[in-house]
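Student: Quick one: this structure, given as structure tokens, is what I'll be asking you about.
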Amino acid sequence: MQKFNVYNPTQIIFGEGRIAELAEHIAADARVMVLYGGGSAERNGTLVEVKNALGARHVQMFAGIEPNPSYETLSKAVDIVRADKIDFLLAVGGGSVIDGTKFVAAAALFEGDTWSILQQGGTNIKQALPMGTVLTLPATGSEMNNGGVVTRLATKTKLPFHSNLVFPQFSILDPTKTYTLPARQVANGVVDAYVHVMEQYLTYPVNALVQDRFAEGLLQTLIEIGEQAVQEADNYNVRANLMWTATLALNGLIGAGVPQDWSTHLLGHELTAQYGLDHAQTLAIILPNMLQLRRKEKHAKLLQYAQRVWNITDGNDEQRIDAAIAKTREFFEAVGVRTRLSDYQLGEECIEPVLAQLQAHGMLQLGEHQDVTPEQCRTVLHMSL
């Protein structure tokens, strides 16, 4: 296990009815912007609860943050924040809204071209507005981490950024707010959380016994509840466990002191930017084939994954690895996320544009060993047809 520091200042406020406590966590004289996506937060009553909880505070509403938050939309929010002297941001929604709010928090106080925040991965963020979140879609873990991903529509560029200055001060997690989600979004959340864990866990052994067992427990939980979470909209216990698992999957704990991969995510970002696929759809397409291609580099961890997560003990090493990868694909399909490019009407013609974007964004050495090249990504995409 490598040296590491753990820093996470986000307070989690978990359980039914906790939105009513919102006022306890925001200054009484704060000028608040509430950022959200489409109309679901209005239809399910969440925004009404939020407004009531905020009371007499000055509140500015900003709607329309996309499922893949765009730089163009977020820049409009930044302009309003500056003009209205907003000093606290509240994200109400899923990971995309929270990611976008993190960008607004940094960009509102940024001097210069705000696109450079994304070009430099957030390393040039010197200050940010305080923010909190009300989570309505468990998936990304953005409610308890310091990162986000933003897309520039004009250039089809999707870039991640990180900064300790954009950790939410608090996040309210009420599982009942997931009851009205479409099944597709719940399924995407299950897959997104699963692959977050895999990118930190399935690399190579470094004697990180706690992180390994923690990661395996999260994966087993998702396998246990995944289909049920999609099918049973108002099952509080299942949705509560999904919400907490997705948060823990990317709040920094299982990744502390261990090598991390992220090649599946970075390749997936380009698919989303080019062709508009849901983020989780790209992960479900790429991960099984990335594991297959890199089975030699990941051999020891693939065998561990097969035994501990899927209880696969029969056959030789290669057969067990094949079975574990097959089980992974079957799980994604079982919760309702298809795993082939052809399932989304994409063929061989999509491959070169994706690779061109990878190269344009300097994504030439991916993975835990920095040895995943554009040529290997081409192979993965061909395997994914």
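The values are calculated or read from the model by the stated rules, or taken from the named source; none is laboratory data. Keep in mind it's a predicted model, so treat the numbers as computed, not measured. Neighbour counts run over all protein chains shown; Cβ positions are idealised from the backbone, glycine included.
Student: Pick out the one residue from Ala27, Ala53, Ala105 that is touching a helix residue (DSSP H, G or I) at 6+ places or on another chain (Cβ under 6 Å), at pLDDT 95 or above and over 30 Å from Gln200 (Cβ atoms).
Tutor: Details: Ala27 fails: touching a helix residue (DSSP H, G or I) at 6+ places or on another chain (Cβ under 6 Å); Ala105 fails: over 30 Å from Gln200 (Cβ atoms).
Just one listed residue meets the conditions, Ala53.
Student: Can you name the condition, by its number, that Asn146 falls short on among (1) at negative phi; (2) in contact with a Leu (Cβ under 7 Å, 6 or more places away or on another chain)?
Tutor: (2)
Student: Are any residues in region 155-184 under 14 Å from the mean Cα position of the chain (by Cα) and either surrounded by fewer than 22 Cβ atoms within 10 Å (Cβ to Cβ) or assigned to a loop (DSSP other than H, G, I, E, B) (or both), and if so, which ones?
Tutor: Filtering region 155-184 for residues under 14 Å from the mean Cα position of the chain (by Cα) gives 158-162.
Answer for region 155-184, where residues must be under 14 Å from the mean Cα position of the chain (by Cα) and either surrounded by fewer than 22 Cβ atoms within 10 Å (Cβ to Cβ) or assigned to a loop (DSSP other than H, G, I, E, B) (or both): Leu159, Pro160, His162.
Student: Would you please name the residue that is nearest to Val337 (Cα to Cα), looking only at residues in region 164-204 that are hydroxyl-bearing (Ser, Thr, Tyr) and touching a Pro at 6+ places or on another chain (Cβ under 7 Å)? Talk me through it step by step, then tell me what you get.
Tutor: Residues of region 164-204 hydroxyl-bearing (Ser, Thr, Tyr): 171, 176, 178-180, 194, 201, 203-204.
Now narrow it down to the ones that are touching a Pro at 6+ places or on another chain (Cβ under 7 Å): 178, 203-204.
Values: Thr178: 18, Thr203: 24, Tyr204: 27 Å.
Here the answer is Thr178.
Student: Filter region 101-153 for residues that are touching a residue at least 60 places away in the same chain (Cβ under 8 Å) and of a type in the set (D, E, K, R); which is nearest to Leu35 (Cα to Cα)?
Tutor: Lys102
Student: All but one of (1) in a loop (DSSP other than H, G, I, E, B); (2) out of contact with any His (no Cβ under 9 Å at 6 or more places or on another chain) hold for Leu222; which doesn't?
Tutor: All conditions are met except number (1).
Student: When the residues of region 272-296 are narrowed to those that are in a helix (DSSP H, G or I) and in contact with a Lys or Arg (Cβ under 8 Å, 6 or more places away or on another chain), which ends up nearest to Tyr201 (Cα to Cα)? Don't jump to the end; show me each part of the working.
Tutor: Step one: filter region 272-296 for residues in a helix (DSSP H, G or I), giving 272-275, 279-293.
Still in the list and also in contact with a Lys or Arg (Cβ under 8 Å, 6 or more places away or on another chain): 272-274, 281, 284-285, 288, 291.
Working: Thr272: 24, Ala273: 26, Gln274: 28, Gln281: 20, Ala284: 17, Ile285: 19, Pro288: 15, Leu291: 12 Å.
Ranking the qualifying residues of region 272-296, first place goes to Leu291.
Student: Consider only pairs whose beta carbons are under 8 Å apart and that are at least six residues apart or on different chains; among these, list those whose first residue lies in region 187-211 and is not assigned by TED's automatic domain parsing to the domain that holds Asn145 and buried (at least 24 other Cβ atoms within 10 Å of the Cβ) and whose second residue is modelled with pLDDT of 95 or more and of a type in the set (Lys, Arg).
Tutor: That search, which allows pairs on different chains as well, returns Tyr201/Lys301; Leu202/Lys298; Leu202/Lys301.
Student: Criterion first (polar (S, T, N, Q), touching a residue at least 40 places away in the same chain (Cβ under 8 Å), within 17 Å of Leu137 (Cβ to Cβ) and surrounded by fewer than 21 Cβ atoms within 10 Å (Cβ to Cβ)) does Ser96 satisfy it?
Tutor: On the way: polar (S, T, N, Q): yes; touching a residue at least 40 places away in the same chain (Cβ under 8 Å): yes; within 17 Å of Leu137 (Cβ to Cβ): yes; surrounded by fewer than 21 Cβ atoms within 10 Å (Cβ to Cβ): no.
Here the answer is no, as Ser96 does not meet what is asked.
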